[in-house]
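Structure first, then comments.
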Amino acid sequence: MKIIAPSLLAADFGKLKEEIEMVNQSQAQWLHLDVMDGVFVPNISFGTPILETVKKYSTKTLDLHLMIVQPERYLLDFQKLGANIITVHYEACTHLHRTLQQIKDLGCQAGVALNPHTPVSVLNDVLYCTDLVCLMSVNPGFGGQKFIENTYKKVKELKAMILSHQTNTLIEIDGGVNADNSQLLSKAGADVLVAGNFVFKSTNPSKTIQDLIEAL
């Protein structure tokens, strides 16, 4: 089953409850949440107050993407705020295996995100304990960027690794996902597509989500 995860970063925060309820009523299976600290990436997004609101209203699987340094310091806080999946960046973790185990010990699924310049081969020794790999298809930090075409190659390489290791790891794509590339990403092996501006800036977000799902 292919999964669509609208990214709340692109929502209108002036009507956050309504935006979350739109996702609740849509065919999307997950809600993607980007936490940025202004250090690991050149942008600051939102923290615990927003996540408390999301927890209050969302009925979807909460897919938390931590674009922060020392993510291990906040894992328990995010788990308490309702995160079902917690993804940390390979580039931000000195002891990645330990961090993944900490996430699992909290009862959450553990994910690893890779920046566009990072090869999938770096996950060779931790793939067996990784539930999800998030391939950044733009440079992290800002929404609305152009999709990086090399992502298709990385998806195929990662899919081959997963089959070789015989794991159930999901492949997630984050950045620049739209109607033009969603089907190609799915065919390459992607399981989860994160869509931000393409969903929330459309005239009919629910229909846009439906169209994405039907195209996969």
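From the list Asn150, Asn139, Asn115, the one residue that fits, being surrounded by fewer than 19 Cβ atoms within 10 Å (Cβ to Cβ), of a type in the set (S, T, N, Q), touching a helix residue (DSSP H, G or I) at 6+ places or on another chain (Cβ under 8 Å) and farther than 25 Å from Lys17 by Cβ, is Asn115.
Considering each of Ile173, Ile213 in turn, give the residue that is modelled with pLDDT under 95 and outside any loop (DSSP other than H, G, I, E, B). Before you say what the answer is, go through the steps one by one.
Numbers: Ile173 fails: modelled with pLDDT under 95.
The conditions single out Ile213.
Anything in the range 77-97 that is over 25 Å from Val122 (Cα atoms) and either among the aromatic types (Phe, Trp, Tyr) or under 15 Å from the mean Cα position of the chain (by Cα) (or both)? List them, or say none. Give the steps one after another, and end with the answer.
Start the filter on the range 77-97 by keeping residues that are over 25 Å from Val122 (Cα atoms), which leaves 77-83.
Listed by number, the residues that qualify are Phe78, Ala83.
Candidates Ile86, Ile68: the one that is touching a Gly at 6+ places or on another chain (Cβ under 7 Å), on the phi < 0 side of the Ramachandran plot, free of Cβ contacts under 8 Å to residues at least 60 places away in the same chain and of a type outside the set (Gly, Ala, Ser) is Ile86. Among the residues of the range 55-85, those identified as buried (at least 22 other Cβ atoms within 10 Å of the Cβ) and closer than 17 Å to Ala11 by Cα are Leu62, Asp63, Leu64, His65.
Here is a yes/no grid of residues against (1) more than 14 Å from the chain's Cα centre (by Cα); (2) part of a helix (DSSP H, G or I); (3) of a type in the set (Lys, Arg):
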site	(1), (2), (3)
Gly141	no, no, no
Tyr152	yes, yes, no
Lys159	yes, yes, yes
Thr167	yes, no, no
Asn178	yes, no, no
Ala190	no, no, no
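How about the range 134-168: which of its residues are of a type in the set (Gly, Ala, Ser) and on the phi < 0 side of the Ramachandran plot? Explain how you work it out, then say what you get.
First pass over the range 134-168, keeping only residues of a type in the set (Gly, Ala, Ser): 137, 141, 143-144, 160, 164.
Result: Ser137, Gly143, Ala160, Ser164.
Each residue in the range 165-192 was checked for being over 24 Å from Lys15 (Cα atoms) and in contact with a strand residue (DSSP E or B) (Cβ under 9 Å, 6 or more places away or on another chain), and 14 of them qualify.
Applying the selection to the range 24-54, what residues are farther than 13 Å from Leu8 by Cα and of a type in the set (Val, Ile, Thr)? Val39, Val41, Ile44, Thr48 - these are the residues of the range 24-54 that are farther than 13 Å from Leu8 by Cα and of a type in the set (Val, Ile, Thr). Of the residues making up the range 140-162, those that are closer than 20 Å to Ala179 by Cα and not aromatic (Phe, Trp, Tyr) are Gly143, Gly144, Gln145, Lys146, Ile148, Glu149, Asn150, Thr151, Lys153, Lys154, Val155, Lys156.
The values are calculated or read from the model by the stated rules, or taken from the named source; none is laboratory data. All values derive from a computational prediction rather than experimental measurement. Cβ: placed from backbone, ideal geometry, glycine included. Neighbour counts: every protein chain shown.
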